[in-house]
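The values are calculated or read from the model by the stated rules, or taken from the named source; none is laboratory data. The structure displayed is predicted, hence computed values, not measured ones. Using ideal geometry, Cβ is built from the backbone for each residue, glycine included, and neighbour counts are taken over all protein chains shown. We work out accessible area using only protein heavy atoms, side chains counted, and drop any ligands, DNA or RNA first. Shrake-Rupley method; radii C 1.70, N 1.55, O 1.52, S 1.80 Å.
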Amino acid sequence: MADRKIKNMEEFASVSGISRPTVSKYFNDPESVRQTTRDRIEQALERYDFRPNIFAINQNRRLTKNIGVVVPYLADPFFAEIARNIERRCIDAGYWPILFSSHGQQSLENDILSSLRSLKPAGVLLAPLGRASDRGSIEKFCRDVPTVLFDSNLEGIGEAFVGSDNFSFVSQTVEYLTRSGEPPVFSR
């Protein structure tokens, strides 16, 4: 491995003797360049121990491959399982999920949204803190970034909301139990 630390793709292209557009093409899709060129690039990657900054690459694209996922408490098994499923589905679809937990803090939720905006995600799946959220900040964020809210709805904000109608759920559950006369399964 060479002692020289390569800082960016421009430097890497220069030291490896391969054009910048070809190097970029390789990082977008290694199969898109000839095998001989691919071999040269991979040898140079090994020699200089260079790894491109995916976030920097995405800054230059119109549509990044990043999906932001924001939950109030990652330690909560409910949100952990949702995050795990979202993460898997994003990866399977060719996207990079970036997971954040606001730890129930409005200021941290706002900071996360600010950080996400600078990463230019393709979209964000947001479980806001609900009444504890800064509605104005979330509204402004959703105007700039395609966002789907889940778990806690903030009426009129985001592209869509995915969740359950708790008021309806409770009344339907009570109605079912009184109509059927059967106790819940877990109490037997």
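Highlighted here are the helices (runs of 4 or more DSSP H) found entirely within the range 86-185 that include at least 1 residues which are open to solvent by less than 70 Å² (accessible area, probe 1.4 Å), modelled with pLDDT of 90 or more and touching a Gly at 6+ places or on another chain (Cβ under 7 Å): 106-119, 135-144. For the range 29-55, enumerate the residues that are surrounded by 12 or more Cβ atoms within 10 Å (Cβ to Cβ) and under 27 Å from LEU116 (Cα atoms). Of everything in the range 29-55, those that are surrounded by 12 or more Cβ atoms within 10 Å (Cβ to Cβ) and under 27 Å from LEU116 (Cα atoms) turn out to be PHE50, PRO52, ILE54, PHE55.
Among the residues of the range 1-27, those that are closer than 25 Å to LYS65 by Cα, of a type outside the set (D, E, K, R) and surrounded by 11 or more Cβ atoms within 10 Å (Cβ to Cβ) comprise ILE6, ASN8, MET9, PHE12, ALA13, SER19, THR22, VAL23, SER24, TYR26, PHE27. So, of the residues in the range 68-77 that are open to solvent by 60 Å² or more (accessible area, probe 1.4 Å) and within 20 Å of THR147 (Cβ to Cβ), which turns out to be farthest from the chain's Cα centre (by Cα)? Applying the filter and picking the extreme gives TYR73. Looking at the range 28-35, can you tell me whether even one residue there is over 30 Å from ASN153 (Cβ atoms), among the charged types (D, E, K, R) and at pLDDT 90 or above? Among the residues of the range 28-35, at least one is over 30 Å from ASN153 (Cβ atoms), among the charged types (D, E, K, R) and at pLDDT 90 or above, which makes the answer yes.
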